[in-house]
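Below is one structure, written out as C-alpha cells; comments come after it.
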C-alpha cells in the first residue's frame, strides 16, 4: 500500500513513508508565516483573536484585556498588599461597566489615586444592582437600568434588553399553559416598576389645561371619584402640537393639597458615605445636568418657592416615556404663557415600585402578605379588613380603579422571606355591610407616598411603610384582568416580592404577560399600537430580528415568500392597504369609545383609515404575529348563504347578531376551504436565471387571490376560548362593506350592524386560508 505524501519539502520523499526525524530548519520555515501573523495580530489589536487565545494567553487568563475594567490612557498597574489595582476615570461617561467600577474603587493611601481591582471584584451582584439602579438617570442616559428584583429574575427567567431596561422575558420553570392556569385559577405577579411615573404640580385648572393640550377630556378627569383621588382612570395621551397618539396612561389625583418646597429643603444633607448624584435629562436637544432629581418645566437653575397646589401622577410605558415628558413640558409652557394663575411643574417621580397581581385570588394572597392587623388603625385599615373578610369566601372585587392607602410597619415585611400564613378574620367582620361594592369611601386614599418617596435601599425596621392598593375589576374577563396594583417604595419592594412568591404567586415576565393578553385578545402597548412612534420602533426591532433569523444558514431552510404570495413577511406593510396611511406615512387608526361603537356603528365603519379589531378563529387555524387578513369575495359570501350552516338554530340568519363575547358558529371547516396557488414565476431557479441575464426584466409584484385588508399584530392559540385569538387592524371601508353585506344577509332593516364580521386569514409561511371573526375594539380595553 502506497503511503500518502508526508514531507517538509514537496520535492523530497515522493511516495515513501514519513521520515523518522525532521529537519528543524525546514519545520520552522514552513511555519514562519503563521508566526509572523501571530506577532502582527498581537501588535495591532489590544484583544488577542479568538482562535489564538488558547495557545497565547491560557496561562494567565486574568491578564486578558477583556477581563479588565475600562482604563484611562496613562493607566499603570499598582501593587498594594499583593492585590492588583488599575486606575480608572471617576466619571459616568464610559457606560454601565465604569459605574460599577467606580463603586468598587478604593483609594491608595500612599498616592491618593483611585484604583479598582480586577473584574470579579466589581462584577458582584450587589454592586451591579446598585450601579444600575441608583446611578442611572430617570430619563435618557446610555446605562441599562435594572429593577429591584433583577437578581431574583436573573436566576429564574430569560433576561432581555427592552426599552433601556434589563427585564425578565420568560419564566424558565413554567410554560404558557401553566401560567394561564395560574392566572385563571389562582394568582400571578409581575414587576412593572419599569413604568415611568410623572408628577404634575400646580392648580387644578392648570393641570387640566396641561392634560387638555395632550388630548385628555376634562370629563374623565373632573368626575367626582377621579378628582377626589378615589379612582384611577386610564386615558390616551396625544401629542400637544398634532393629532398623534403617544401612549395610554394611568392617571391618579392626589386626594389633598400638597406643599412643594425648595430642593434643599426636600433633600437631606448628604453624608460622607452617600453623595448626591447628578441627574441627566435628555429631552431631544441638549443634555442638561441638574443636581436635583426633580425635573421642572421652568428654568432649571431657578429653585421653586414654597407653594401649595394639587398633584397628579401619570404612569406611562418606558417605550414612550421621553416623548410623553417632552410633550407635557411643552404643554406646561403653553399654559404658563397663556397666563395661568400658577405655573404647572412637570417632574419625573423616581423610586416607586409597581407590583401587578392578577387572578381571582389576588386579594386573598395580598391579605396574607399585608395582613390587616399589621396596618395602623385608620379608616383605610378598617375598610381593608372588610374587603379581606368579604373576599375570603367569595370572589368579590372592589370597583374598578378604587384606591386604598395603607400604613404598616416595615417589620411586618421581614428581610428574609418566610411563608405567609393564613389571615385570621373574625366572624363579625364578614357580616358587616358591603356598601363599598357600589360606593367606595372617599376618606382612605391619602398616603405618605404623596409627600416624598423615600430613597432608602433597605429601610429600617419599625418605621412606617406607605402602600397604595389600586384594584382592577377586569370586566367580563375577571379571571385575567382582575387583580390589585401595589405602589410602594423601592426599598421594601423586594421584600414584598418575596412574600408574594412564598405565598404562592407565579412570576410573569414581559413575554409571558404579552402572551396572556394575546390569549385574552386584549391589546398591549407598544406591541398592538402601530400608529404610535413607540409601536413603530417595536415593529422595526421585531422586523430586524425576523430578518436575522431568515438569513440563517442553510439557505434551503428559508421559506420563499414570493412563491407563497406573502406581501409583508417580516413587518406589516401598512402602505399596501387602501386609505391606511396619512401624509406622514404612519398608519392611522380610528379608536372609538364603547358608547360610540354601540350607538353609532355605521359612522364607525364610514371613517377613513384603520379600525383596531379583536379576532377569533372560526376553525382550526391560529393567527400569529404578522398574519395577513383578506377580504372574502362575493362568491365566498354566497357560498355561506347558500349552504345555510351559519349558526346552530333553525333560523341561522339571526345568529350573526349574537352577543359581543361569543361569535357565531361557521360550521365545519371542511365546508369552506381556500388555498393560495403557488406563484411559480418566483421560484428560486427562475429568479437566479433572471438575475444572470444582461437585460433582466422586472418581476411582477406578488398579489394574492383575495384583496389584503389588514394585519394581525399579536396572536396565539387561546386556552380561554379554545381557538386561535389575536389583535390586529383592518381597513374601515372594507370592514363596513362586509358589515353591510352581512346585515342584508341577516335581514337587519332597523339600522343595526352585525357585531362579528368574518374574514380570511393566512399566516406568512402557509398557503391555506382559514376563516376568522373580527370585532371592533374600543379604545378603553386593556389595563395599562
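The values are calculated or read from the model by the stated rules, or taken from the named source; none is laboratory data. Since the structure is predicted, the reported quantities are computational estimates derived from the model, not experimental observations. So basically every Cβ, Gly included, is an ideal-geometry build from the backbone, and we count neighbours across all protein chains shown.
Consider the stretch 359-402. How many of its residues are in a strand (DSSP E or B) and touching a helix residue (DSSP H, G or I) at 6+ places or on another chain (Cβ under 6 Å)?
1
Run down 761, 742, 689 and say which single residue is crowded, with 16+ Cβ neighbours inside 10 Å, at pLDDT below 90 and not in a loop (DSSP other than H, G, I, E, B).
Testing whether each residue is crowded, with 16+ Cβ neighbours inside 10 Å, at pLDDT below 90 and not in a loop (DSSP other than H, G, I, E, B) leaves just 742.
If I filter the stretch 209-225 down to residues being part of a loop (DSSP other than H, G, I, E, B) and either touching a strand residue (DSSP E or B) at 6+ places or on another chain (Cβ under 6 Å) or under 30 Å from residue 586 (Cα atoms) (or both), which single residue comes out as modelled with the lowest pLDDT?
Looking at residues that are part of a loop (DSSP other than H, G, I, E, B) and either touching a strand residue (DSSP E or B) at 6+ places or on another chain (Cβ under 6 Å) or under 30 Å from residue 586 (Cα atoms) (or both), I get 217.
Hey, any hits in the stretch 290-305 for a residue that's modelled with pLDDT of 85 or more, crowded, with 20+ Cβ neighbours inside 10 Å and in contact with a strand residue (DSSP E or B) (Cβ under 7 Å, 6 or more places away or on another chain)?
No, the stretch 290-305 contains no residue that is modelled with pLDDT of 85 or more, crowded, with 20+ Cβ neighbours inside 10 Å and in contact with a strand residue (DSSP E or B) (Cβ under 7 Å, 6 or more places away or on another chain).
Anything in the stretch 195-204 that is out of contact with any helix residue (DSSP H, G or I) (no Cβ under 9 Å at 6 or more places or on another chain) and not in a strand (DSSP E or B)? List them, or say none.
If the condition is that a residue be out of contact with any helix residue (DSSP H, G or I) (no Cβ under 9 Å at 6 or more places or on another chain) and not in a strand (DSSP E or B), then 203 is the only one that fits.
Hey, among the residues in the stretch 226-260 that are at pLDDT below 85 and touching a strand residue (DSSP E or B) at 6+ places or on another chain (Cβ under 7 Å), which one's surrounded by the most Cβ atoms within 10 Å (Cβ to Cβ)?
260
Among the residues of the stretch 612-624, write down those that are surrounded by 19 or more Cβ atoms within 10 Å (Cβ to Cβ) and modelled with pLDDT under 90.
If the condition is that a residue be surrounded by 19 or more Cβ atoms within 10 Å (Cβ to Cβ) and modelled with pLDDT under 90, then 618, 619, 621 are the ones that fit.
Of the conditions (1) in contact with a strand residue (DSSP E or B) (Cβ under 7 Å, 6 or more places away or on another chain); (2) modelled with pLDDT of 85 or more, residue 766 fails just one. Which one is it?
(1)
Tell me which residues, restricted to the stretch 469-492, are at pLDDT 90 or above and in contact with a helix residue (DSSP H, G or I) (Cβ under 6 Å, 6 or more places away or on another chain).
Listed by number, the list holds a single entry, 484.
Taking the conditions exactly as written (part of a strand (DSSP E or B) and either assigned by TED's automatic domain parsing to the domain that holds residue 570 or in contact with a strand residue (DSSP E or B) (Cβ under 8 Å, 6 or more places away or on another chain) (or both)), does residue 702 satisfy them or not?
No.
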